[in-house]
Amino acid sequence: MRIKASVIVAILTGAIMLLGYFLPGAFFASVRDVMLRSGMIIGTVALLLGVGNLLQVHLRKIREQRPGHLYSIFMVISLFSVFAVVVLFGPAHPYSVWVVSEIQRPLEIGLMGLLAVVLLLAGVRLLFRRQALGTLVFFLTAFLVLLGTAPLPFISLPFLEGLRNWIVQVPTVAGARGIILGVALGATATGLRVLLGFDQPYER
Amino acid sequence: MADVRCPMCGKPNAEEAETCLYCQARLKPVGPGAEPLGAAEPSAAGGETVPDWLSRLRDQGSPTPGGTRELSGEAEAPSDQEASDWLSRIRTRADDESPAPSGSTSPAEDVFGRGKPAEPSGPVPAFASSAEEKPPASAATTPAEPASEEDEPEWLKRLRARRAVEGTPGAAPGPSFPAPQATGEGLPPDWMHAPHEDLATGPTAAPGPQPAGGEGIVPSWLSDVQPPAPAPVEPAPPSAPAAPAAFASEDDELRGAYSEKEIPDWLVSAREEAAAPVDVAGLAGVPAAPIETPPLEELLAPGVLPEWLTAGSSPTPPPIEVPGEGLEQAVLPPWLRAMRPVEGPLAPKGEPGEAEERVESAGPLAGLRGVLPPKFEAEVGRHPPVLPSLLDIQPAHAAHAELLQRIVSTPESRAVPRARRRPQARPWGGLAVLVILVAAMMVPGATGTSVFARPSVIAVETLQTANLINSLPRDRPLLLAVDYDAAASAELEAAALAVLDHVMTVGAPIASVSTRPVGAALAERLMTRTRAAHPQYQSGINYLPLGYLPAGPIGLRAFAANPWQAIFGQSAPEGWDAGMVAALHASSNFSAILVVVSDPAALQSWIEQVHTAVPSVPLVAIVSAAAEPLTRPYYESAFPSVQGMVVGLAGAEAYECLNALDPASGRCGRLGVADSMWDSFGMAVLAAVLILLVGGLASVIRRGLISMRRTSHE
Amino acid sequence: MDALIGWVALAVAVLMAALILAFSLARRATWPTFRHMPPFDALAVDLGRSVEAGTRLHVALGSGSLTSNDSAASLIGLSTLSHIATAGSVSDKPPLATSGDGAVALLAQDVLRVAFRQQRAEDRYDPLLGRVTGVGAQGYAAGAMHTAPDEDVTATIVLGAVGPEAALIAESGARRGTVIGGTLDVQGQTALYVTADHPLIGEELFASGAYLHVNRAHAASLQAQDILRWLVIAAIVGLAVVRSLGLL
């Protein structure tokens, strides 16, 4: 069976990183540190790659004048403008902070507000779309937790707050822990498939 | 010169090319005067060499006066007139003679002895009508019928004469396939049972299949030309080895079915000879030994076949290899010779095996080596062998076949396909929810009222956070990790500002870092708003903005080893305090780590990558309410990784009111961001509760009504 | 304590690796039988319907990166994308993959290119079928929301690292067709449970490779996960009983 060089590199890198965690000694630790710093650089470059891909998509949209290309023009202009500001003045400069505080932050908060509306509406329609015991339990839990979270006007009902705290801290935490355990096992299996060479997402 | 597109791979080839350069598929079908299937444009009338017989056909049937009909990839169909002409000729001929046997040699019998159906007297068979509409691709190669009765070939006359002498000829020999059940189901109609010869062995001894129901499926137009009931079939000679029991019974059954039909002498003799040693092991009743067929040379002798069969312009095929036994070679017409299979690249090399040594002695393949015997191995699950042939399976076709196989082999889906959802015409529901929420949030600000009580009970984790901040040293920096997106800043800034204000009141230096690209700007925003009340904090003196830490957990691991090297690596910015910079060379120098996160995974990364490296440094978390269920275990664990928590807006409000709550009014004596949002927050959550209650009830009622309506309709 | 945790983690990893190897290399003619999961049946139906109708499938891979904690979700999304792309490459409108991370988008492009090459349709491959719609969670969601109406999408598959913003993507996709969603983030799972037609809860996302017959290693790892899950359950229950009895 012919083994590709990329598979060997992936397996060796993963093995060295794991051994660096479990085995004492300066050798593995130093190699691991070198790999960590290299990984940081690669992660930063990946960010730039994402921006490049985004630019490529919108430039093609503008070139082909597809529906919504005006928004793409605005996106490209704003991308280059903010890039220029941050490169010229630095990320901690008041101009850069102003862009984040006064433009990006309100936009993202608005998106989260839209998310709240979408989730509320979907929650209301859930009982209509899907009739199941799990759906009913989900709906009742969401209702009780919201009721316990909301400060009530003129009155105070500690019972609701206590019920909410119990729901959040006992069954929810238990369920979340179970999910996290399963996710951890699945993530371990996924990583092992890559380390053992069964999955090769880096090369076909 | 026009390029010819290969019909298999679509690549362009030269016009004169016989096979494709890329995939070796044949560009020009075998046959005299045929047009390449992938021709870019139809060739001109005079641009190719057309055989005489084909040109005659065209002249007879072409609508253009004296012109040859152009043959392109979509050849024109023979006209109704042409089809009717030869059909009428057959009909006329059949009326003159005794009824022809069903499927026996007809006037248009080809060289293989396969009869073509006579002209129908009743409804036109489907194949004729369909031929008028859309001819098959082999239409160009299908030889046309003789023009008139005068052109009837000698051999046909001889056959007819013989028929007249013999009376009603026998039934057609059986096909080379395993004898089907004579139950009338799935059997081909009578008129298809031509006395054709098996390509390898010639006519078999067993009579062909016939539905047990007799002539139930024979078209009426053919019934006129059907032979009378054949004579009873003579039984096989006693010296013949017994066929397998199953097939023997079938053979008798079929023989009996054909008992009414007269079998020609040559067929009887052929059957007797075929009754000689037969290999029955594992076969489906088909004799393995070659069976002598009527001499084909007689049929293929020059002058016997019409010109339209013998004339052709196809290139001379390779000569037939003469076997060592001196068998008389059959004279094959050029077009037939061109159809002979040739040895391909997969031909076995070296010592020839049994198949290679066997030389075909009869039929049009006479003289060829390696012709497969008519054996059928009934081994379940065995894939047919890959035979060398000119059939070129394209990689694309193989890939599609593999994909189809994979789709077919997947478990049967039990999902019921649901109809595609129609897009919503108007989002009334979303608008209504939005209007209700916004109105609810604006009421406290518009009316200036504050009716919601502040939290009276402060959570233990919040108190522990406050105590930890109170005990911070002033010579070691506090690490502020701003790891949330701008979308979560509305909720988290309230708690972060309250805690930072407390830190600055204590006077501990602060160093900020973020693993998010916008985190550095958000950290700067926090510090700017907090420093308004604490102007003694100066950048580089007691506040060090470390900026963005890339690569997530990988960067955190490197940060835990050496924070300064992970961020800067080289010299410090100008004006920074050397003592503070020195403290940043080891993560254990931090007095505490204050992590502000909206995502539990971010806190998990900080705990796993940094806190495990420096467990002596206390970690305090400011988390959103949504992240509480997943972050609380880190605080409540037997070996807690988080020493204090402030959760959501309620936690921020409680922190702001620490030591400042007015017991009489229930309000916080110190106004902060959380306090200013508290009433709007309460109204919005109450509105959401009401929407869920009303909307949920409406959904349940609506669903019940629909169910009742459906039940009443049923 | 940290050392004990480290050794336990190593033991779990070694045991899982051994189980994966054993199940992968075992000679077995048939695929192992798993419980019925409607989301994967719906995926096959949607895939076939989109190919027949000449519409597009949108695979949302999320905003997670390969260096983050949720990289496993991104890898699962990529393996599922390879299966979808193989079947959908013959369609007039091949599947489209969106991501909020540049490296994941590059891998998605590679997966699509290989699928097209395997189907001998490289001339129809478009690199921008794997694209970044926005950097960061909200930026990605804002861009991915418009993929469904702009690209004639009739089925949205959310398989990757997404948070609660997945509800925006799912709601936009639900206006055009069916939505199948799964993520490792608990908040994202909550959002998808409410908005998606076929949500994947918990670690059901990890079963996609086995149910879609990507390769035998996926089935083997799913079997290994099942075994280890039962071991963990037994350990939790056992330790809880022992501690309750005061023995530990």
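Taking residues in the stretch C:221-232 that are more than 10 Å from every other protein chain (Cβ to nearest Cβ) and hydroxyl-bearing (Ser, Thr, Tyr), and partners anywhere that are outside any helix (DSSP H, G or I) and surrounded by fewer than 16 Cβ atoms within 10 Å (Cβ to Cβ), not one pair has Cβ atoms closer than 6 Å while being at least 6 places apart or on different chains. Return yes or no: is B:Ala466 within 30 Å of A:Gly162 (Cβ to Cβ), in a helix (DSSP H, G or I) and touching a residue at least 40 places away in the same chain (Cβ under 8 Å)? For B:Ala466, the condition - within 30 Å of A:Gly162 (Cβ to Cβ), in a helix (DSSP H, G or I) and touching a residue at least 40 places away in the same chain (Cβ under 8 Å) - is met. Residues in the stretch B:614-631 that are under 18 Å from B:Leu468 (Cα atoms) and either charged (D, E, K, R) or more than 51 Å from the chain's Cα centre (by Cα) (or both): B:Val614, B:Pro615, B:Ser616, B:Val617, B:Pro618, B:Leu619, B:Val620. The set of residues from the stretch C:3-15 being surrounded by 12 or more Cβ atoms within 10 Å (Cβ to Cβ) and closer than 18 Å to A:Met17 by Cα comprises C:Gly6, C:Ala9, C:Leu10, C:Val12, C:Ala13.
For residues in the stretch C:24-38 being surrounded by fewer than 19 Cβ atoms within 10 Å (Cβ to Cβ) and not in a loop (DSSP other than H, G, I, E, B), which is nearest to the other protein chains (Cβ to nearest Cβ)? If you could, list the steps in order and put the result at the bottom.
The first filter runs over the stretch C:24-38 and keeps only residues surrounded by fewer than 19 Cβ atoms within 10 Å (Cβ to Cβ), leaving C:25-38.
From what's left, not in a loop (DSSP other than H, G, I, E, B): C:25, C:38.
Numbers: C:Leu25: 11, C:Pro38: 6 Å.
Looking at residues that are surrounded by fewer than 19 Cβ atoms within 10 Å (Cβ to Cβ) and not in a loop (DSSP other than H, G, I, E, B), I get C:Pro38.
Identify, from the list C:Gly163, C:Gly202, C:Gly181, the residue that is surrounded by fewer than 24 Cβ atoms within 10 Å (Cβ to Cβ), closer than 30 Å to A:Thr172 by Cα and not β-branched (Val, Ile, Thr). Give the steps one after another, and end with the answer.
Numbers: C:Gly163 fails: surrounded by fewer than 24 Cβ atoms within 10 Å (Cβ to Cβ); C:Gly181 fails: surrounded by fewer than 24 Cβ atoms within 10 Å (Cβ to Cβ).
That would be C:Gly202, the only listed residue that is surrounded by fewer than 24 Cβ atoms within 10 Å (Cβ to Cβ), closer than 30 Å to A:Thr172 by Cα and not β-branched (Val, Ile, Thr).
With respect to the conditions (1) of a type in the set (A, V, I, L, M, F, W, C); (2) facing another protein chain (nearest Cβ under 7 Å); (3) in contact with a helix residue (DSSP H, G or I) (Cβ under 8 Å, 6 or more places away or on another chain), A:Ile167 falls short on a single one, namely (2). Evaluate the following for C:Thr195: is it within 8 Å of chain A (Cβ to nearest Cβ), surrounded by 23 or more Cβ atoms within 10 Å (Cβ to Cβ) and either in contact with a strand residue (DSSP E or B) (Cβ under 8 Å, 6 or more places away or on another chain) or not basic (Lys, Arg) (or both)? So C:Thr195 passes the test. Go through the stretch A:99-154 and give me each residue that's of a type in the set (A, V, I, L, M), at the interface with chain B (Cβ under 8 Å from one of its Cβ atoms), closer than 21 Å to C:His198 by Cβ and without any contact (Cβ under 8 Å) to a residue 12 or more places away in the chain. Those that are of a type in the set (A, V, I, L, M), at the interface with chain B (Cβ under 8 Å from one of its Cβ atoms), closer than 21 Å to C:His198 by Cβ and without any contact (Cβ under 8 Å) to a residue 12 or more places away in the chain: A:Val118, A:Leu121, A:Val124.
Selection of the stretch C:119-155 for residues being closer than 25 Å to B:His400 by Cα, more than 9 Å from chain A (Cβ to nearest Cβ) and not small (Gly, Ala, Ser) yields C:Gln119, C:Arg120, C:Glu122, C:Asp123, C:Arg124, C:Tyr125, C:Asp126, C:Leu129, C:Val153, C:Thr154. Evaluation of B:Ala486 against the conditions (1) surrounded by fewer than 20 Cβ atoms within 10 Å (Cβ to Cβ); (2) assigned by TED's automatic domain parsing to the domain that holds B:Arg531 shows that the sole unmet condition is (1). Within the option set A:Gly43, A:Gly52, A:Gly39, A:Gly25, being surrounded by fewer than 16 Cβ atoms within 10 Å (Cβ to Cβ), within 26 Å of the chain's Cα centre (by Cα) and of a type in the set (Gly, Ala, Ser) holds for one residue only, A:Gly52. In the stretch A:170-185 there is no residue that is touching a Pro at 6+ places or on another chain (Cβ under 9 Å) and touching a residue at least 60 places away in the same chain (Cβ under 8 Å).
Let's see how each residue does on (1) within 52 Å of the chain's Cα centre (by Cα); (2) aromatic (Phe, Trp, Tyr); (3) at pLDDT below 85:
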residue: B:Ala654; (1), (2), (3): no, no, no
residue: B:Asp662; (1), (2), (3): no, no, yes
residue: B:Cys668; (1), (2), (3): no, no, yes
residue: B:Val673; (1), (2), (3): no, no, no
residue: B:Ser680; (1), (2), (3): no, no, no
residue: B:Val685; (1), (2), (3): yes, no, no
residue: B:Val700; (1), (2), (3): yes, no, no
residue: B:Gly704; (1), (2), (3): yes, no, no
residue: B:Arg709; (1), (2), (3): yes, no, no
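Only residues that are within 8 Å of chain A (Cβ to nearest Cβ) and either surrounded by 22 or more Cβ atoms within 10 Å (Cβ to Cβ) or within 17 Å of B:Ala523 (Cα to Cα) (or both) were counted across the stretch B:557-569, and they come to 3.
Only one of the listed residues (B:Ile541, B:Ile554) is more than 10 Å from chain A (Cβ to nearest Cβ) and β-branched (Val, Ile, Thr). That residue is B:Ile541.
C:Ala85 meets each of the listed conditions (1) within 21 Å of C:Ser172 (Cα to Cα); (2) at pLDDT 90 or above apart from (1).
If you go through the stretch B:505-526 and keep only what is crowded, with 20+ Cβ neighbours inside 10 Å, assigned to a helix (DSSP H, G or I) and without any contact (Cβ under 8 Å) to a residue 40 or more places away in the chain, you end up with B:Gly519, B:Ala520, B:Ala521, B:Glu524, B:Arg525. In this structure, is B:Ala498 in contact (Cβ under 8 Å) with a residue 12 or more places away in the chain and either under 28 Å from C:Gly163 (Cβ atoms) or within 14 Å of another protein chain (Cβ to nearest Cβ) (or both)? In short, yes.
Mind telling me which of the residues C:Thr178, C:Thr147, C:Thr190 ends up being in contact with a helix residue (DSSP H, G or I) (Cβ under 7 Å, 6 or more places away or on another chain) and hydroxyl-bearing (Ser, Thr, Tyr)? Talk me through it step by step, then tell me what you get.
Numbers: C:Thr147 fails: in contact with a helix residue (DSSP H, G or I) (Cβ under 7 Å, 6 or more places away or on another chain); C:Thr190 fails: in contact with a helix residue (DSSP H, G or I) (Cβ under 7 Å, 6 or more places away or on another chain).
Residue meeting the stated conditions: C:Thr178.
Residues in the stretch C:24-38 that are closer than 30 Å to C:Pro94 by Cβ and touching a residue at least 60 places away in the same chain (Cβ under 8 Å): C:Trp31, C:Phe34, C:Met37, C:Pro38. If I filter the stretch A:155-164 down to residues being among the hydrophobic types (A, V, I, L, M, F, W, C) and surrounded by 15 or more Cβ atoms within 10 Å (Cβ to Cβ), which single residue comes out as farthest from the other protein chains (Cβ to nearest Cβ)? It comes out as A:Leu163.
Yes/no per residue for (1) within 30 Å of C:Lys93 (Cβ to Cβ); (2) assigned by TED's automatic domain parsing to the domain that holds C:Val90; (3) in a helix (DSSP H, G or I); (4) over 20 Å from the mean Cα position of the chain (by Cα):
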| site | (1), (2), (3), (4) |
| --- | --- |
| C:Ala17 | no, no, yes, yes |
| C:Ala22 | no, no, yes, yes |
| C:Phe40 | yes, yes, yes, no |
| C:Asp46 | yes, yes, yes, no |
| C:Ser50 | yes, yes, yes, no |
| C:His58 | yes, yes, no, no |
| C:Leu61 | yes, yes, no, no |
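Look at the stretch B:584-613: where a residue is assigned by TED's automatic domain parsing to the domain that holds B:Ser489 and a partner is among the acidic types (Asp, Glu) and not in a helix (DSSP H, G or I), sitting 6+ places away or on another chain with Cβ atoms under 6 Å, you get B:Val597/B:Asp483; B:Ala602/B:Asp483. C:Asp70 passes every criterion in (1) surrounded by fewer than 22 Cβ atoms within 10 Å (Cβ to Cβ); (2) facing chain A (nearest Cβ under 9 Å); (3) not hydroxyl-bearing (Ser, Thr, Tyr) apart from (1).
The values are calculated or read from the model by the stated rules, or taken from the named source; none is laboratory data. Note that the coordinates shown come from a computational prediction; the quantities given were computed from them, not determined experimentally. Ideal geometry is used to build each Cβ from the backbone, glycine not excepted, and the neighbour counts take in all protein chains shown.
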